[in-house]
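The values are calculated or read from the model by the stated rules, or taken from the named source; none is laboratory data. Just so it is clear, the structure is predicted and the values come from calculations on it, not from any experiment. Cβ placement follows ideal geometry from the backbone for every residue including glycine, while neighbour counts extend to all protein chains displayed. Accessible surface areas use protein heavy atoms only, side chains included; no ligands, DNA or RNA. Shrake-Rupley method; radii C 1.70, N 1.55, O 1.52, S 1.80 Å.
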Amino acid sequence: MSNLPHPIDLTQPLHNTTPSQNYTNKEEKPRFDLNEWHSNFKKALQKQDHIAITTPILPDDFINPTPMMYALIDRDIWRLPVGRKIKDKYLGFSNKYKSLTISLFRADEVKAICIREAKDKDGNLIKWKTYGSKRYIPYRIFDEEDPTIFVGYGIGEFLLFELLELNYMVLQSDSIAHSLANNPYTPGIKERYIFALLDNDDSCKATIEHIQHHYRSCRVYPIDFENILDKELPKGYDFRDFCNEKAREIRGDEYFANPIEVKEAIIETLANEIEILTGARK
């Protein structure tokens, strides 16, 4: 079980929560084999890692994926016990775009592959270029007895939830919240406490109303990092920024921080906010 507190007044029994299987004709049909693409991206990442480790003098144009990983999520969070498993399962490397790839699965099937940074035909930067379903909602319950579940907004948040082992669902974009009822990938969540880890912008904050409308048997709470940190934050500040800052704060002037200590600090901060939001703190 996680160290998150159980919110008060949870009197209804929990139900098994499985994603909806009512697929419609609107579901995206991939024009290519995403599983094969994932395998190729994974092999490319392994090759880059091998070159970085075994080659004494690297070519000037060599791209090392490890700094890319650490730019996305702090290295001490990757050093958690599940870090290697998460990297091996989800991460790859695109030789075309010289960028990390993250694959999203439903069971053993790849539903989407997201390129961290790509460029369009005019050379403009695209963040999280997606092959496959942009509507797919990654979802996982690590602890059935924990009534809390977090909503994240973005692929970095997906990796963080996996690394921190927190119950989660992830929206690839804010607009997905507007059509949860018509999305074949919307998880069937009932009678849980849903905590949305909001990006610091109006579009993300507007998703709360839609999430609460869809999950009527749940209680939905916004977690606003300006409230947690008690200061004004830049537009777009998100859960990934918060976790990376927490890791740097704990590391201080040392080269490494204890990754378990980083995880516990992140969860403790969330737990304190949950207690405040739900009235569990007297």
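Here are some notes:
- Single residue of the range 213-246 satisfying the filter (basic (Lys, Arg) and surrounded by fewer than 16 Cβ atoms within 10 Å (Cβ to Cβ)) that is nearest to the chain's Cα centre (by Cα): Lys235
- Which numbered condition Ile86 misses (of (1) open to solvent by 10 Å² or more (accessible area, probe 1.4 Å); (2) at pLDDT 95 or above): (1)
- Unique match (being assigned to a loop (DSSP other than H, G, I, E, B), among the aromatic types (Phe, Trp, Tyr) and surrounded by 15 or more Cβ atoms within 10 Å (Cβ to Cβ)) among Phe105, Phe93, Phe62, Phe142: Phe142
- Which listed residue, of Glu273, Glu264, Glu249, is more than 19 Å from the chain's Cα centre (by Cα), under 23 Å from Thr148 (Cβ atoms) and not in a loop (DSSP other than H, G, I, E, B): Glu273
- The set of residues from the range 111-139 being part of a strand (DSSP E or B) and either among the aliphatic types (A, V, I, L, M) or over 19 Å from the mean Cα position of the chain (by Cα) (or both) comprises Ala112, Ile113, Ile115, Ala118, Lys119, Leu125, Ile126.
- Which listed residue, of Leu14, Leu80, Leu45, is at pLDDT 95 or above, part of a loop (DSSP other than H, G, I, E, B) and among the aliphatic types (A, V, I, L, M): Leu80
- Against the conditions (1) in contact with a helix residue (DSSP H, G or I) (Cβ under 7 Å, 6 or more places away or on another chain); (2) surrounded by fewer than 18 Cβ atoms within 10 Å (Cβ to Cβ); (3) of a type outside the set (Lys, Arg), Thr186 satisfies every one except (2).
- The one condition in (1) open to solvent by less than 40 Å² (accessible area, probe 1.4 Å); (2) farther than 24 Å from Ala71 by Cα that Leu166 fails to fulfil: (2)
To keep it simple, each residue is scored yes or no on (1) touching a helix residue (DSSP H, G or I) at 6+ places or on another chain (Cβ under 7 Å); (2) on the phi > 0 side of the Ramachandran plot; (3) among the acidic types (Asp, Glu).
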{"residue": "Ile208", "(1), (2), (3)": "no, no, no"}
{"residue": "Gln212", "(1), (2), (3)": "no, no, no"}
{"residue": "Arg219", "(1), (2), (3)": "no, no, no"}
{"residue": "Ile223", "(1), (2), (3)": "yes, no, no"}
{"residue": "Leu229", "(1), (2), (3)": "no, no, no"}
{"residue": "Gly236", "(1), (2), (3)": "no, yes, no"}
{"residue": "Cys243", "(1), (2), (3)": "yes, no, no"}
{"residue": "Lys246", "(1), (2), (3)": "yes, no, no"}
{"residue": "Glu249", "(1), (2), (3)": "no, no, yes"}
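- Residue selected from the range 65-77 under the condition buried (at least 17 other Cβ atoms within 10 Å of the Cβ) and part of a helix (DSSP H, G or I), by the criterion nearest to the chain's Cα centre (by Cα): Leu72
- Taking first residues from the range 135-156 that are at positive phi and partners that are open to solvent by 10 Å² or more (accessible area, probe 1.4 Å), the Cβ contacts under 9 Å between residues at least 6 apart in sequence or on separate chains come to Gly154/Trp128; Gly154/Gln172; Gly154/Ser173; Gly154/Asp199; Gly154/Asp238; Gly154/Arg240.
- As a summary of the residue check, Ala206 satisfies the conditions (1) at pLDDT 95 or above; (2) crowded, with 16+ Cβ neighbours inside 10 Å except for the one numbered (2).
- Of all residues in the range 180-237, those satisfying the criterion of being assigned to a loop (DSSP other than H, G, I, E, B), in contact with a strand residue (DSSP E or B) (Cβ under 7 Å, 6 or more places away or on another chain) and charged (D, E, K, R) are Arg192, Asp199.
- Beta carbons closer than 9 Å, at least 6 apart along the sequence or on distinct chains, pair a first residue in the range 30-46 that is under 9 Å from Val110 (Cα atoms) with a second that is surrounded by fewer than 12 Cβ atoms within 10 Å (Cβ to Cβ) and charged (D, E, K, R) for Leu34/Glu109; Asn35/Asp108; Asn35/Glu109.
- Residues within the range 117-139 that are of a type in the set (A, V, I, L, M) and either open to solvent by 10 Å² or more (accessible area, probe 1.4 Å) or out of contact with any strand residue (DSSP E or B) (no Cβ under 6 Å at 6 or more places or on another chain) (or both), tallied: 2
- Selection from the range 168-192 of residues that are without any contact (Cβ under 8 Å) to a residue 60 or more places away in the chain and in contact with a His (Cβ under 7 Å, 6 or more places away or on another chain): Ala177, His178, Leu180, Ala181
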